[in-house]
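Engineer: First, the structure itself, so that you have it in front of you.
The values are calculated or read from the model by the stated rules, or taken from the named source; none is laboratory data. All values reported here derive from a predicted model rather than from experimental measurement. Methodologically, a virtual Cβ is constructed for each residue, glycine included, from the backbone with ideal geometry; neighbour enumeration extends over all protein chains shown. All accessible areas refer to the heavy atoms of the entire protein, side chains included, with ligands and DNA or RNA removed. Shrake-Rupley method; radii C 1.70, N 1.55, O 1.52, S 1.80 Å.
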Amino acid sequence: MDTTTHVGAHAAHDPHPHGEHPHHELGFWRKYIFSTDHKVIGIQYGLCGLVFLFLGFSLMMMMRWQLAYPGQALPVIGKILNVFGPGSMPDGKMTPEFYNSLGAMHGTIMIFLGIVPVAFAAFGNFVVPLQIGAPDMTFPKINAASFWAFFVGGMIMLFSFFVPGGAAKTGWTAYTPLSIITDQGGTYDPVFNGQTLWLIAFIFLITSSLLGAVNFISTIIQLRAPGLTWMRLPFFVWAQFVTAFLLLLAFPPLESALIMQLMDRLAGTSFFLPSGLVVNGTPLHVSGGGSPLLWQHLFWFLGHPEVYVLILPAMGIVAEIIANNSRKPLWGYKSLVFAALVLGFLSFIVWAHHMWLTGMGTAVSAFFQTTTLIISIPSVIILSAFFISLWGGSIRFTVPMLFATAFLPMFGIGGLTGIPLAFNSADLYLHDTYYVIAHFHYIVAPGTIFGLFAGIYYWYPKATGRMMNEFWGKVHFWPSFICMNLIFLPMFLQGMLGMHRRWYDGGQGWTLAGDKVWGLSGFQWNQPISIAAWCMGLAQIPFIINFFWSMRHGKKAVSDNPWEATTLEWTAPNMPPHGNFVTPPVAYRGPYEYSLPGRDRDFTMQNEPIEPGEQVHHPSTEPVLHA
Amino acid sequence: MDHSDEVPSPGLMEAPPDPHAAQHVAAHVRTYLIVGATLLAFTVITVALSYVDFGLIFSHLFRTNLSEAQGRKANVAVAMLVAAFKAGLVAAIFMHLSAEKRLIYRILYFTVFFVLGLFWLTYLAWYNPIVR
Amino acid sequence: MEIPYTVVARRDTGVWNAKVGIWLFLASEVMLFGGLFSAYVFLRLDAGPGDWPHGVLNVPVGTFNTAILIISSVTVVLAWAALKMRQFTRYRIYMAITILCGVVFLVVKLGYEWPQKYVHFGARIKESELAKYEKYLGNQHLLAEGFAPRKEITGHLHNPQALHDPNIKEYEIALDPVNADPTNKKMDRPHFFYVPPTEKIGIVEKADVEYANMFLPKHSSYFATYFTITGLHGAHVLAGVLVFCYMLLPASTRLYRQNPEHLANRVEVAGLFWHFVDLIWIFVFPLFYLL
């Protein structure tokens, strides 16, 4: 009965085990929409993510009007914005509920629909397989599923703006019990209300990230080209590897928490509702016995690693670009790798520093203060290594390099201003003020987003075969750089004056009691900040035009390696075909062999064999054991 | 353990097939049946143990009086030990973790560490607050 | 270029792609259930004495379901072993048994255990009124024996409209044995076999009740965690059953004819997922049924 005799073990070596031969002729839909090719998926992620980034920024530009000119009608577009429903902008004036929705959705969209998809999914998908010399991801279909889960999640988020009551309005952290009692009961639909849709969309987004993370890690482990040992991986690959692990292990606890909050909203459970809760003078009819703090623990168990999910890919991009444009090996490659690993590891055990105000005990508090301070060490190692890499280099200030160098001081400011927040006692004062806003925006806005811009300008020729325009790139960079600082530097002052981050009127009611800095009260600072924010919006126009115009009309890339870089993605043809490489690449050396002595070119690519008698000296080229 | 200097060609990166795979598997079938029977037996045991008052037994053992709540904790500890043993059997034998590649172990080390962190700190947050 | 190592292991890592993938996925699953179990620990530690119910689930049925899952774990690993030895018919038989076990588990869970809970009722008495219901609760007796107090009166609700109608001032409950005869020493600890409510009717005034509901997720932290964790676990069982069904479809037979090792790898990966689902249940069972 058995078929043992028919099928030999050697069948495993059949080169096309599925009987599927590489298909060359795919229709438009399979090729560009429902593709399983990592490059197409990467670009899909990138475009969607950029649209969401701009959308999230637009929400903030609207909020900035309300903060600078509270209660005044938003000129011109105010009336149009009534599409968000009668409770949003009556007579062009923003209602508090709508303001809260904008705030919550700004955070959610920027982080989970903007930066994570672009930094992790788009760059990871497009660049990582190319950089490790792989034909595709290990699981292309799961990769496509990841994108479509993200897409559905994003659409649900957008849809939630148009349900009665509007989108989620309890902050991107959705703190319980507020997030459970909001939009609940009465005329609200149990499912089609902002808070519930937020939870459902979020579950889709997490599913997407988990599928992506599994794919990234297995791809990096399994599909590295022959000779591409761990210590020869470009730092960007390492950054994505650590990021993927953070997503893989930190997101599920939040997913469980989201399921619990969904149960609280839909099934009436009390996971996060304490006993004896009274809302508007009426005791809430629930069983009670839950814990609001449980939500915070599970949320921040993701929330802190998420910070490193946002920053690590940008660090990886910046590392590539700095090495390429300073024509020098990246300084301290091994230190960078281990710093990234330590950063990832420690990021799991610092989360409660977001919860100093919950009144946790001294022992727990001391533990988290200590780990939080320790985590600044690997961050400083990474930043220092980047700075030292610049030292003595022959720097080319190309547009990617402008953004990459701007990343360094911006991230530095963001990081250093975080240290006071790490201390329980200082944080009691600064918690939930604009100081905190300024601190983490310095990390993610002029930090990560500048990193992303750098990456877009840098890998654009690989994706399209054309360069982005240099001049308009600079017109994009300088105003962005200036406006970023005009937006966020004054926020430190506002925060230290005591301005709370969730004030709907921008602190107008409080301004009489407040002190002044440089002649302006905390509230008055809102106006210059808002103007800078709108200028920042204008500064993105050159980028948008440049991005689309260059696809067709940009200068053609001079070769497959227009930046004269060393890593493997530049050995693939521009606009790589399905399967990426013409011949399977083999790596013989480290990722950053710039300016090797005694060569006629100042870069040596990873697939160039070691020449007889060549001195191998850089740490990243030292012989290393296989995994 | 190959050095990176000797770069293998793409074809040679594949591990050689194990000619004795089928015999190895055949030898394991008996083990799987035994483990299955053990798991069933321990299911019965853990049910039976839950009706034993370990609070009482431990009170005699350590000559202290355990309250009912403490006694329940003793029962929880015993039940969790049995469950951990069963889970260990499933992981080690059915999931082949007793002889897996180092790579898989490394992934799991991290996971175990973080999941324990999740439990420990959740417990600590409950145990050491200023206000409840 | 084709994607390498889909069937044959890579030499330096020693594994093929899907094996890495499934273990990474299981790692994330550990964290997912870890979050839920840590919520269980958190809520249970936070519950006061007598707030966490004991012995409300049907232990023999739970034991039966545990056994079913363990048997299915054995058959799935035997199915894989049969494939490795190229015994295709045997593989299909073992696979079919596995699917059957999964279905039985789900039917017992969703068709019997859960519905039995929906019709059960529990009323938690206010702390200040506990003494008034001493005849149902027997707290004096429990105090003397050193047990935690009872705060809840359970059974079948005779007047279900009382849950919604504000004009009805009291619940009429066909009492569970433990409330019908609270000072009986046999009632101090949970029973092994399920004992249905007695004929005895207890009257509980709504004004004295802190919170009352059927045994639904909203009833208490205990049932909230029970339904959420077993529900999520059930969803995993269902997913596993669907994957196994695919393994019996003609497409898998064709794959076997072309490359048996590839199918064996797929079965191994699906089996790893299934063992993990079994492993989770090994913890769920004592935590909810026995402790």
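Engineer: Highest mean first, what order results for A:484-491, A:289-296, A:214-221 on Cβ atoms within 10 Å?
Structural biologist: Highest-to-lowest ranking by the protection proxy: A:214-221, A:289-296, A:484-491.
Engineer: While we're looking at this one, here's another question. With the radius of gyration and the Kirkwood radius both derived from the Cα set of chain C, what is their ratio Rg to Rh? Mind showing how you got there, number by number?
Structural biologist: Values: Rg = 24.4 Å, Rh = 21.9 Å.
Ratio of gyration radius to Kirkwood radius for chain C: 1.12.
Engineer: If the cut-off is 21 Å between C-alpha atoms, which lysines fall inside it for residue C:109, apart from same-chain ones fewer than 8 positions away?
Structural biologist: C:117, C:218
Engineer: Just check the range B:25-99 against the gyration tensor rule for me: Cα atoms, a ≥ b ≥ c as the square roots of the eigenvalues, rounded for a/c under 1.5, and otherwise prolate or oblate depending on whether a/b exceeds b/c. Before the final figure, lay out the partial values.
Structural biologist: Details: a/c = 3.99, a/b = 2.96, b/c = 1.35.
Cα axes put the range B:25-99 in the prolate bin.
Engineer: From other protein chains only, count the Cβ atoms within 10 Å of every residue's Cβ in A:268-278, then give the mean.
Structural biologist: Taking all residues of A:268-278 together, the mean is 4.
Engineer: For the range A:538-581 and the range A:279-343, what is the separation of their C-alpha centers, rounded to whole Å?
Structural biologist: What the calculation gives is 30 Å, centre to centre.
Engineer: Work out how much length residue A:266 to residue A:155 would gain on full extension: take 0.36 nm times their residue separation and subtract the Cα-Cα distance, in nm to one decimal. Spell out each step's value before the answer.
Structural biologist: Working: separation 111, 0.36 × 111 = 39.96 nm, distance 2.11 nm.
So the chain would gain 37.8 nm between residue A:266 and residue A:155.
Engineer: Using Cα atoms only, what is the angle between the long axis of helix A:399-416 and the major principal axis of chain A, expressed in degrees (0 to 90) to the nearest 10?
Structural biologist: 50 degrees
Engineer: Using only atoms on other chains, find how many Cβ atoms lie within 10 Å of each Cβ of peptide C:39-49 and report the average.
Structural biologist: Details: counts 14, 0, 5, 12, 9, 2, 5, 9, 1, 2, 3.
Rounded to a whole number, the mean comes out at 6.
Engineer: Would you please put A:90-96, C:16-22, B:57-63 in order of how densely packed they are, using the mean number of other Cβ atoms within 10 angstrom per residue and starting with the highest? Before the final figure, lay out the partial values.
Structural biologist: On the way: A:90-96: 15.9, C:16-22: 24.1, B:57-63: 12.3.
Final packing ranking: C:16-22, A:90-96, B:57-63.
Engineer: Further question on the same structure: Please compute the average number of Cβ atoms from other chains found within 10 Å of each residue's Cβ in peptide C:249-260.
Structural biologist: Values: counts 0, 0, 0, 0, 1, 2, 3, 3, 4, 7, 9, 8.
Average neighbour count from other chains, rounded to a whole number: 3.
Engineer: First check a/c for the protein assembly as shown, with a ≥ b ≥ c the square roots of the eigenvalues of its C-alpha gyration tensor; if it is under 1.5, answer rounded, and if not, answer prolate when a/b is larger than b/c or oblate otherwise.
Structural biologist: oblate
Engineer: Bin width 5 Å, alpha-carbon pairs only: give the P(r) of chain B as whole percents, running from 0 to the bin holding the largest distance.
Structural biologist: 2, 7, 9, 11, 12, 14, 12, 9, 7, 5, 4, 3, 2, 1, 0
Engineer: In addition: Along the three principal axes, how long is the range C:121-214 when you take its alpha carbons, biggest first, rounded to the nearest angstrom?
Structural biologist: 40, 31, 17
Engineer: Rank by packing, highest mean first: peptides A:346-357, A:270-281, with packing defined as the count of other Cβ atoms within 10 Å averaged across residues. Could you put the intermediate results ahead of the total?
Structural biologist: Working: A:346-357: 21.7, A:270-281: 16.6.
Packing order, densest peptide first, comes out as A:346-357, A:270-281.
Engineer: Can you give the accessible area of residue A:170, probe radius 1.4 Å, in Å² rounded to 10?
Structural biologist: 20 Å²
Engineer: Tell me, what ³J(HN,Hα) does each residue in the range C:205-217 have, in order and in whole Hz, if you take phi through Karplus 6.51 cos²θ - 1.76 cosθ + 1.60 with θ = phi - 60° and put x for Gly and Pro?
Structural biologist: Per residue, the Karplus-derived 3J(HN,Hα) values read 6, 4, 5, 8, 9, 6, 7, 9, 6, 5, 6, 9, x Hz.
Engineer: Under a crude label model (7 Å from the Cα following the beta-carbon direction), how far is residue A:599 from residue A:47 in nanometres?
Structural biologist: The two pseudo-label positions are separated by 3.7 nm.
Engineer: Could you report chain A's accessible area per residue, 1.4 Å probe, as an integer in Å²?
Structural biologist: Working: 22790 Å² over 627 residues.
In whole numbers, chain A has 36 Å² accessible per residue.
Engineer: Compute the angle between helix A:526-553 and the longest alpha-carbon principal axis of chain A, please, reported from 0 to 90 degrees and rounded to the nearest 10.
Structural biologist: 30 degrees
Engineer: Chains A and B: what accessible area do they bury, summed, in square angstrom to the nearest 100, with a 1.4 Å probe? Mind showing how you got there, number by number?
Structural biologist: On the way: alone 26210 and 11590 Å², together 35120 Å².
Interface area, both chains combined: 2700 Å², rounded to the nearest 100.
Engineer: Within chain B, which whole H helices from DSSP have a Cα span along their axis of at least 20 Å and a mean Kyte-Doolittle hydropathy of -0.5 or more, if any? Mind dumping the intermediate values first?
Structural biologist: On the way: long enough: B:21-49 (40 Å, 1.44); B:68-89 (32 Å, 0.63); B:102-127 (37 Å, 1.36).
Span-like helices in chain B: B:21-49, B:68-89, B:102-127.
Engineer: May I ask you to give the solvent-accessible area per residue for the range C:121-214, in square angstrom, as obtained with a 1.4 angstrom probe?
Structural biologist: Working: 4940 Å² over 94 residues.
With all protein chains present, the range C:121-214 gives 53 Å² per residue.
Engineer: Around residue C:170, which amide H atoms from residues at least 5 apart in sequence, or from another chain, sit under 5 Å from its own amide H, with H modelled in the peptide plane?
Structural biologist: C:206
Engineer: Relative to the longest principal axis of chain A, what angle (0 to 90°, nearest 10) does the C-alpha long axis of helix A:194-222 take?
Structural biologist: 20 degrees
Engineer: Give me the Å³ per residue figure for the convex hull around the C-alpha atoms of the range A:111-228.
Structural biologist: Numbers: hull volume 11.2 nm³, N = 118.
Expressed per residue, the convex hull around the Cα atoms of the range A:111-228 is 95 Å³.
Engineer: Subtract the Cα-Cα distance of residue A:394 and residue A:192 from 0.36 nm times their separation in residues, and report this length gain in nm to one decimal.
Structural biologist: Working: separation 202, 0.36 × 202 = 72.72 nm, distance 5.77 nm.
Full-extension gain reported as 66.9 nm.
Engineer: Please enumerate, by chain and number, the lysines with C-alpha under 23 Å from the C-alpha of residue A:39, excluding those fewer than 8 residues away in the same chain.
Structural biologist: Candidates past the 8-residue exclusion: A:31, A:141, A:462, A:555, A:556.
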